[in-house]
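J.: Mind looking over this structure? Questions follow.
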Amino acid sequence: MNSIPGTTDFSTQPLDDCFRTALTEATDPDAAAQDLARQLLHPHLGCVLFFCSAEYPLDHLATALDQHFGGVMLLGCTTAGEISSEGYGRGCISAVGLDLRTFAVDCTLICALDSFSLVEAQQAVERMLGHCRQVNLAPVKDHTFALTLLDGLSSREELVLNTLSAALGSIPHFGGSAGDDNHLSHTHVYYQGRFVTGAAVVVMVNTWLDFEVFTTHHLKPTESKLVVTDADSSTRTVLELNAEPAAEEYARLVGVPVDELSGKHFALDALAVRIRDQFYVRSIQRVNPDRSLTFYCAVDTGIVLTAMTPGELLPNLRLRFEQLRQRLGEPVLILGCDCFLRRMESELRGEDQRMSEFLAANRVIGFNTYGEQFNGMHINQTFTGVAFAFPR
């Protein structure tokens, strides 16, 4: 391993001291927090990222986590499914501890998502970068990325991400929208001892490890198009497609009666918007009583949606991970945001066990999301994350 000029050489540091991962399936909040602390606490623990089922009594869990982890920086969110060292999980908590000798981490909470300004974003970014410079583990350039955890039902991801991306400049950025086990009721992020809604956590990470922020999806465009002829962009609701009630037109596209539309159709029959030569999925969240469609991502009158067809889910992810290996070497950990509709698709196709085993074998820790973020864009039905490797 090569040391970085002007910094300490940690080339002999064991892998377990860079990362420690944890999983607890204890349903009692106190027992769960104690179990995580037992697996993660050590003298050089600097930060813990955790992803938990929304089925926990969150106020009780927040208190228990704060008690058991003391002054350790603890950040997280609720999920639509967890990814741990054992693969896919439900009703549990997955976590990773970051060693302060490997990572300089700082964070900020955005509460007023509607009014988040460029000035606020610039001030927050500069403050977090100042912390990284002070710690002096590695230069900021090429050794720093940002992670965002956003309330997945806030409908404000695009606004926050556009503003934050302008402030981050060339710093790569990824993240995920918090879920709530597919109830579509209350999603939370965790910051400084409490779970909050209508908010976002921004995490700045500086490290001497090599890393790559990436995204991938397995969906392919078809020739079928739907034009959004009436939409309420503030609620991400499409009222009409091709001048017809949105749900009726989508139902015709997929070949089922409107009343039979369900999550499986949204997972297997996705719609996407084309930006230059790339397709970005706009996943449907629900059918409304007035036969409009509410989406997880931004929609507006006049956009053209392309019907997508699934490719091979696992081979696509396997290829993407192999490409990462070619550039980085063997990843020591992948922090991943995997859309819950991808997990649903793997379950519908009977591939979820193989996918779970693949994620575990490739050291993936993370969660199933209500949306993913990649370099300022809010997207759906992707696997987005960051892969870490020892410098070669």
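J.: Kindly indicate which of G302, G350 is in the same structural domain as R276 (by the TED database), more than 26 Å from G97 (Cα to Cα) and either assigned to a helix (DSSP H, G or I) or open to solvent by 40 Å² or more (accessible area, probe 1.4 Å) (or both).
T.: Numbers: G350 fails: in the same structural domain as R276 (by the TED database).
Going through G302, G350 in turn, just one is in the same structural domain as R276 (by the TED database), more than 26 Å from G97 (Cα to Cα) and either assigned to a helix (DSSP H, G or I) or open to solvent by 40 Å² or more (accessible area, probe 1.4 Å) (or both): G302.
J.: Against the definition (exposed (fewer than 14 other Cβ atoms within 10 Å of the Cβ) and closer than 19 Å to F174 by Cα), how does D142 come out, yes or no?
T.: Details: exposed (fewer than 14 other Cβ atoms within 10 Å of the Cβ): yes; closer than 19 Å to F174 by Cα: yes.
Answer is yes for this residue.
J.: If you check every pair at least six apart or on different chains, which have Cβ atoms under 8 Å apart with a residue in region 28-42 that is outside the structural domain of L61 (by the TED database) first and a residue that is in a helix (DSSP H, G or I) second?
T.: From residues that are outside the structural domain of L61 (by the TED database), there are no pairs.
J.: Condition (residue is within 25 Å of G179 (Cα to Cα), assigned to a loop (DSSP other than H, G, I, E, B) and at pLDDT 95 or above) applied to region 273-283: is it met by at least one residue?
T.: No, that holds for no residue.
J.: Further, regarding this structure: Hey, any hits in region 371-383 for a residue that's surrounded by fewer than 24 Cβ atoms within 10 Å (Cβ to Cβ), among the small types (G, A, S) and assigned by the TED database to the domain that holds D151?
T.: Checked region 371-383: at least one residue is surrounded by fewer than 24 Cβ atoms within 10 Å (Cβ to Cβ), among the small types (G, A, S) and assigned by the TED database to the domain that holds D151.
J.: Right, another one. Restricting to region 95-134, count the residues that are among the β-branched types (V, I, T) and open to solvent by 70 Å² or more (accessible area, probe 1.4 Å).
T.: Number satisfying all stated conditions: 1.
J.: Turning to a different aspect of this structure: Could you tell me which of the residues L61, L98, L74 is touching a Cys at 6+ places or on another chain (Cβ under 8 Å), in contact (Cβ under 8 Å) with a residue 12 or more places away in the chain, more than 21 Å from D180 (Cα to Cα) and not acidic (D, E)?
T.: L98
J.: For region 265-278, what are the residues that are out of contact with any Asp or Glu (no Cβ under 7 Å at 6 or more places or on another chain) and either assigned by the TED database to the domain that holds G376 or surrounded by 14 or more Cβ atoms within 10 Å (Cβ to Cβ) (or both)?
T.: If the condition is that a residue be out of contact with any Asp or Glu (no Cβ under 7 Å at 6 or more places or on another chain) and either assigned by the TED database to the domain that holds G376 or surrounded by 14 or more Cβ atoms within 10 Å (Cβ to Cβ) (or both), then H265, F266, D269, A270, L271, A272, V273, R274 are the ones that fit.
J.: While we're on this one: Of E55, E82, E120, which residue is among the charged types (D, E, K, R), farther than 23 Å from A32 by Cβ and at pLDDT 95 or above?
T.: Exactly one of E55, E82, E120 is among the charged types (D, E, K, R), farther than 23 Å from A32 by Cβ and at pLDDT 95 or above, namely E120.
J.: Of all residues in region 174-197 being small (G, A, S) and assigned to a loop (DSSP other than H, G, I, E, B), which is most open to solvent (accessible area, probe 1.4 Å)?
T.: S185
J.: Mind checking whether some residue in region 200-215 is open to solvent by 10 Å² or more (accessible area, probe 1.4 Å), among the polar types (S, T, N, Q) and in a loop (DSSP other than H, G, I, E, B)?
T.: Among the residues of region 200-215, not one is open to solvent by 10 Å² or more (accessible area, probe 1.4 Å), among the polar types (S, T, N, Q) and in a loop (DSSP other than H, G, I, E, B), which makes the answer no.
The values are calculated or read from the model by the stated rules, or taken from the named source; none is laboratory data. Here the structure is a predicted model, which means the values were calculated and not measured. Here Cβ is always computed from backbone atoms with ideal geometry, including for glycine, and neighbour counts include all displayed protein chains. Accessible surface is based on the protein model in full, side chains and every heavy atom, while ligands, DNA and RNA are left aside. Shrake-Rupley method; radii C 1.70, N 1.55, O 1.52, S 1.80 Å.
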